[in-house]
1. Name the pairs: first residue in segment 176-192 and farther than 18 Å from R209 by Cβ, second residue surrounded by 12 or more Cβ atoms within 10 Å (Cβ to Cβ), Cβ to Cβ under 6 Å, at least 6 apart or on different chains?
2. If we scan segment 309-329, do we find a residue that is under 22 Å from the mean Cα position of the chain (by Cα), of a type outside the set (D, E) and either over 16 Å from V272 (Cα atoms) or in the same structural domain as T237 (by TED's automatic domain parsing) (or both)?
3. For segment 303-329, enumerate the residues that are in a loop (DSSP other than H, G, I, E, B) and basic (K, R).
4. Which residues, taken from segment 202-230, are touching a helix residue (DSSP H, G or I) at 6+ places or on another chain (Cβ under 6 Å), part of a helix (DSSP H, G or I) and closer than 23 Å to L299 by Cα?
5. Which one of Y180, Y152 is assigned to a helix (DSSP H, G or I) and out of contact with any helix residue (DSSP H, G or I) (no Cβ under 6 Å at 6 or more places or on another chain)?
6. Would you confirm whether or not segment 262-285 contains a residue that is outside any helix (DSSP H, G or I), at pLDDT 95 or above and not hydrophobic (A, V, I, L, M, F, W, C)?
7. Kindly list, by first and then second residue, each pair from a residue in segment 75-93 that is free of Cβ contacts under 8 Å to residues at least 40 places away in the same chain and on the phi < 0 side of the Ramachandran plot to a residue that is of a type in the set (G, A, S) and part of a helix (DSSP H, G or I), limited to pairs with Cβ atoms under 6 Å and residues at least 6 apart or on different chains.
8. Report whether or not R291 is among the basic types (K, R) and in contact (Cβ under 8 Å) with a residue 40 or more places away in the chain.
Amino acid sequence: MKQERAVLSFANEDVFVGLDVSKNSWKVCIYLGAYFHCRFTQPPVPEVLVNYLKRNLPGGRYHCVYEAGCFGFWIHQALSRSGIECIVVNPADVPTAHWEKTRKTDRVDAHKLARSLAANDLRPIYVPEREALEDRSMVRLRSSLVREQTRYKNRIKAILQYYGLTTPDGILDRHWSRNYLNWLEQVRLQHASGDYTFRTLLAQLVSIRQTLAELTKKIRLLSQNDPYRDKVALLCTIPGVSQLAAMVLLTELVDVARFKTLDHLASYTGLVPGEHSSGERVIDTGLSFRRNPALRLMLIECAWTAAKRDPALLMCFNRYAGKMPKNKAIVKVARKLLSRIRFVLKNNAPYQICIVGSAA
């Protein structure tokens, strides 16, 4: 009599999967509960992992983790659609033993991810929806092009200074006006090689300026659509926050409700002090290295404007500037500005400027 083959089932079993992802292959490590099960290498295709788990560990509760990086969140989205609980973590937050630092390999990274996931030692980062990510990429592109434009301006100025070419009277170079650009187009160096270099730099600058103008229009149009329109209008009631700054805020934060406290939000933006202390020795290391670069830079820039337009912030800035350098005082103003931003977004209410003092 033919015996029926037993069906293997991992029902009610937790399966923890650590992934070290790369362009050509993924290193996979699997823990069953608290115990190591296996490790292997697979092609960089989520469906291959899903099929392996369902074929070899059927019925289990699958949990997966990988580190945030250049591969974004498409792996998270693909695994989640397949019914696998997936989280993404900051690489700096993964518990790492000393030997794992000295013998760092992709296999070791996958192993420590799976081990830490099984021990519940990992804190996931926030994963925005695909649409929010693509909106963010457009706003970040503008910031990148602004930096690139500054580099080309500095290169052009360096050439003018190097060869002793001065701006004629009546033409200002401060804001790179049309008159100034027209003068630059007329500049000629003595030899063909140098003139070609100068022409190339100027052409690149003009191209970037045109792209920036088009991109700025696109972002302004995006700000007038859902889900940004109402929030942009509210944020613009805060002194120092422009339409473009509001779009940076909204695309980077996505959902301010995910930050439980102001301290949590300030930590994300990087407006918190770092510290390196031991025993009685306390060392202040300045602003934390952990930050959202786009947000921190934008908030400090907005704070300079806000300190001129908001009487309460101006009073705070003057008080801080009497105790410390102005570049440190403005950071404290930026944190206060961040508090106003959080209040407006959480309460869906416009900001009301507080008038300091009263007329006699």
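The values are calculated or read from the model by the stated rules, or taken from the named source; none is laboratory data. Predicted, not measured: the structure shown is a model, and the values here were computed from it. Positions of Cβ are backbone-derived with ideal geometry, glycine not excepted, and every protein chain shown enters the neighbour counts.
1. R188/D195; L189/D195; L189/F198
2. No, every residue in segment 309-329 fails to be under 22 Å from the mean Cα position of the chain (by Cα), of a type outside the set (D, E) and either over 16 Å from V272 (Cα atoms) or in the same structural domain as T237 (by TED's automatic domain parsing) (or both).
3. Within segment 303-329, just K323 meets the criteria.
4. Correct list: L212, L215, I219, S223.
5. Only one candidate passes the filter, namely Y180.
6. no
7. Filtered contacts from segment 75-93: C86/S80.
8. Criteria not met by R291.
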